[in-house]
Structure formats: structure tokens, C-alpha cells
1. If you wrap a convex hull around the alpha carbons of the range 87-189, what volume per residue comes out, as a whole number of Å³?
2. Given the options 48, 210, 89, state which has the largest fluctuation in a GNM of the chain using a 10 Å cut-off (strictly under) for Cα springs.
3. Can you tell me the length gained on complete extension of the stretch residue 11 to residue 30, counting 0.36 nm per residue apart and subtracting the Cα distance?
4. For a footprinting-style exposure proxy, rank 33, 84 by other Cβ within 10 Å, fewest first.
5. Neighbouring Cβ atoms within 10 Å as the yardstick, rank 127, 134 fewest first.
6. Just subtract the alpha-carbon distance of residue 115 and residue 180 from 0.36 nm times their residue separation and send over the number in nm, one decimal.
7. What is the spin-label model distance, in nm, from residue 205 to residue 134 if the labels are put 7 Å beyond Cα along the C-beta direction?
8. Between 205, 150, 112, find the one with the highest GNM mean-square fluctuation for the chain; connect C-alpha pairs within less than 10 Å.
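What follows draws every value from the coordinates through simple rules; no lab data is involved. Nothing here was measured: the structure is a model prediction, and the numbers come from that model. All Cβ positions, even for glycine, are placed from backbone atoms using ideal geometry, and neighbour counts span all protein chains on display.
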Amino acid sequence: MEFHVVTLFPELFESPLSCGLLGRAIRAGLISVVLHPLRSYGLGRYRQVDDAPYGGGHGMVMRPEPIAAAFDAALAQRPGLWRVMLTPQGEVLDQLKVEQLARYRPGLLLLAGRYEGIDERVGTLVDQELSIGDYVLAGGELPALVVIEAVARLVPGVIGNPQSLREESLSGAMLEYPQYTRPREFRGQRVPEVLLSGDHEKVRAWRHDQALKRTRQRRPDLLGKIKP
């Protein structure tokens, strides 16, 4: 699967894409990430990509022409990409949307915005607007990396044990059950006996009950999403 990113700061992607899960997936050829530096499509001698907002106001607004040119170049290179703009005004990303994004082929074209905002007309160039939460960041590069990692994990072969994808938090609209490893006792806290019993059915039932309890305590808003 391919990820194409239009960004003013391609250097922000260097370290996250070179190590860990994403680095391994790229080296194995399971995913690819192509960065399109927006400044290369800037206007005039100084490669301008922003301007003052009409009507006055604080900050600068990203102009539509450089973004459109970057999109045209990316789509000429790889037609059919699903175009996503990362913006605080978009739909909030959740696991269901991640699963939907993972189905698009050949991949995703992500726009990482900056400054005070993006010209409203850019909205006509994208298929979807996404936010990673109800807070404001300096730009869309970190949200783009969030999308890349969340989606890449669902690409076959990226996660060594596919079963772990089905059991982890939010995959089934519930938080994950508590996890334990050695030692059996740590500072007075013992591993629950059921996990040491060797009875797989009891372990499965305990984990389901604990996941439901944890979801009810910490994220009751998810309970309505649990599949019967």
C-alpha cells in the first residue's frame, strides 16, 4: 500500500519512517511512503505557499494553487489515490475509519496543512477531511503519521501475529483486557490466578469480562458500538 504526503516539512517524517514498525514495513516492501514537498510547488521567486486572509484576521492561510499542483503531480505519479486532508474540522478518526482507509488502493494521498488554515476551496480537491482529535497542533504532519501507522498496521504482513489485531483495544469497540507478564508478583500485586490456570476457556471468559468492565469504566461511550 502506498502513502503519499503533501507537506511543507518532509524532514519531520525521516525518523518515524526509518525505525520501528513503519521502518520494517517499508524495508520489506509492504508499504511505501512518498513525500511531496509543498514548497516545490510554491508561487514566484520565493515559492510562496500562503497569503493573508481576505477579510482580515490573524495568521496566514495556505493558498490553493500550490496544493492543487502538488496533488496533480502525485496523482499523475499514482492515479486513484484516496485524497485526505488532515484538519481539526474533519471527522474524528477512529478504528472503523482506519479500517475503511486500509481498503483503498493503491493508497492514500494525505495533505498536511500548516499556518492559520487552508483556503476553503481546497476542500473540493479532497475525498475526505479527517481530524485525530479535538485539539490543535502546529500542523498536519503528526496527524499524517498517525494515519500512516494506524492504517499500515492493517496491511497484511506488517503485524507478525494477525490475531493480535483482533484482540487489541477498539478493534471490537471495546478497550483491551488487562495484560500481565513475569514476575508473578510485583510490589505486592499478583497476577490473577485464572491466567495461571491453563484453562483457555476460563481465560477467554475472564478477558472478555475485564474488557467489558474496563470499557464501562473508562469509555462508556463505546458500549453502544459493540457488535452483538
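1. On the way: hull volume 15.3 nm³, N = 103.
Measuring per residue, one finds 148 Å³ for the Cα hull of the range 87-189.
2. Checking each option, the largest mean-square fluctuation is seen for 210.
3. Details: separation 19, 0.36 × 19 = 6.84 nm, distance 2.20 nm.
Length gained, residue 11 through residue 30: 4.6 nm.
4. Working: 33 21, 84 25.
Ranked by crowding around the Cβ, least crowded first: 33, 84.
5. Working: 127 12, 134 7.
The most exposed by this proxy come first: 134, 127.
6. On the way: separation 65, 0.36 × 65 = 23.40 nm, distance 4.41 nm.
Answer, rounded to one decimal: 19.0 nm.
7. In this crude spin-label approximation the distance works out to 3.9 nm.
8. 205
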